[in-house]
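The values are calculated or read from the model by the stated rules, or taken from the named source; none is laboratory data. Keep in mind that what you see is a predicted model, and the values were worked out from it rather than measured. Note that each Cβ is placed from the backbone with ideal geometry, even for glycine, and that neighbours are counted across all protein chains shown. Accessible surface is based on the protein model in full, side chains and every heavy atom, while ligands, DNA and RNA are left aside. Shrake-Rupley method; radii C 1.70, N 1.55, O 1.52, S 1.80 Å.
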Amino acid sequence: MGQWSIQVGDVGKIAASLSADTFDACFCDPPYALEFMGKDWDRCLPGVEVWGEILRICKPGAWLLAFGGTRTFHRLACNIEDAGWTIKDCIMWLHSMGFPKSLDLGKADDQ
């Protein structure tokens, strides 16, 4: 079996220390820019420079799987593409979290 490793951390901080053309794939769950529950870490999407750095450390032909929010994935995809990645497919994982955003379910039956 070949060697493998999992790198855990903020890619903006650790990627610069990694060699170019090292990884066969990148699977990540970046911030969605939804300001989830008022958290500062979720205020903005990773920019083009971050995705460019990921491209640098990945081997040619590597795959990138980046999770995104339903309301902001299009901006995420643009940043990824602008960094030099080729968008080939989009995988959707749709599920309900039980957080209604604009409807008070307690009053829904009254209408």
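On the basis of being surrounded by 15 or more Cβ atoms within 10 Å (Cβ to Cβ), at pLDDT 95 or above and more than 21 Å from Ile6 (Cβ to Cβ), does Leu76 make the cut? Here the answer is yes, as Leu76 does meet what is asked.
When the range 39-52 is filtered for residues that are open to solvent by 50 Å² or more (accessible area, probe 1.4 Å) and outside any loop (DSSP other than H, G, I, E, B), the ones remaining, listed by number, are Asp40, Trp41, Val48, Glu49.
Among the residues of the range 16-38, which ones are in a loop (DSSP other than H, G, I, E, B) and acidic (Asp, Glu)? Spell out how you get there, then give the answer.
Restricting attention to the range 16-38, the residues satisfying the condition of being in a loop (DSSP other than H, G, I, E, B) are 18-22, 29-35.
Asp21, Asp29, Glu35, listed by residue number.
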